[in-house]
Structure formats: C-alpha cells, structure tokens
Amino acid sequence: QVQLVESGGGLVQPGGSLRLSCAASRSIFSPDAMGWYRQAPGKQRELVATITGRGNPNYADSVKGRFTISRDNAKNTVYLQMNSLEPEDTAAYYCWAIIAGSNTWGQGTQVTVSS
C-alpha cells in the first residue's frame, strides 16, 4: 500500500521558517500532482499549495510570497519551504498526492507558530 511519509513540522517563533518534506513510499507509480493542505482546530481542511507533475505550482492567497512548493521526481518527494511564518499558520499539515488516479493522504505533521 502506498504511503506518504511527512517530516519537518515543529514549533517555531513568528517570522521563522520551516521546511516540510513528504515522500511517497511503496509505490511503483510516480505521483502526478502533489501538494499540501492544512487544518487548524475547529476549521475545515484547506489547500496550501499544489504542484503538477511538470512542476507548475499553485498557492493559496494566504501563503503567496511566503511559502514555496517544490518536488524531486526522482525521489517521489514534495517539499514546502515556509518562511515568515505567522501564528495563523498554526495547523496540522497534510501531504496529498494523486497516485495511479487515486487521492492519497499523509498522516499529518503539526506546525505551531508561537512566541
């Protein structure tokens, strides 16, 4: 069964940076689109950023200019570089990918922005 394995979450002060990584394991198929969603307590899950198999990114307005999504197709891995973090960015971040036509989700990694 395909798994998306996330890493890189943690606690950071406002204005700081974090880099999230997500690798697709146990897959004989290369992921098509990949990306990140987030869910804060009491709120719905929302899109953060996605990237196509050809590397075309798409961002939520709230993170444009602060976050950068990228991918390494040789490693089946997607990254999210998060700069100028704000308390409003605090959430569980979930990796997402389309693999062999199916939506696949990671287990989530917590990002907390607090002084």
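Before moving on, here are some points about what is shown:
- Hits in segment 57-115 (condition: exposed (fewer than 14 other Cβ atoms within 10 Å of the Cβ), hydrophobic (A, V, I, L, M, F, W, C) and farther than 16 Å from GLN3 by Cα): ALA74
- Filter result for the condition that a residue is assigned to a strand (DSSP E or B) and either touching a Lys or Arg at 6+ places or on another chain (Cβ under 9 Å) or over 17 Å from GLY108 (Cβ atoms) (or both), over LEU47, LEU20: LEU47
- Unique residue being in contact with a Leu (Cβ under 8 Å, 6 or more places away or on another chain) and of a type in the set (A, V, I, L, M, F, W, C) when the list is ALA24, ALA33, ALA74, ALA40: ALA24
- If you filter segment 38-53 down to residues that are of a type in the set (Lys, Arg) and in contact with a strand residue (DSSP E or B) (Cβ under 6 Å, 6 or more places away or on another chain), you find that the one that is surrounded by the fewest Cβ atoms within 10 Å (Cβ to Cβ) is ARG45.
- Across segment 18-37, the number of residues qualifying as within 17 Å of SER62 (Cα to Cα) and surrounded by 23 or more Cβ atoms within 10 Å (Cβ to Cβ) comes to 2.
- Cross-chain or 6+ apart pairs with Cβ under 7 Å, segment 50-62 first and under 15 Å from TYR37 (Cβ atoms), then surrounded by 15 or more Cβ atoms within 10 Å (Cβ to Cβ) and of a type in the set (Lys, Arg): ILE51/ARG71
Only the coordinates and a few stated rules stand behind these numbers; no lab work does. Small disclaimer: the values here were computed from a predicted structure and weren't measured. We place every Cβ from the backbone using ideal geometry, glycine too, and count neighbours over all the protein chains shown.
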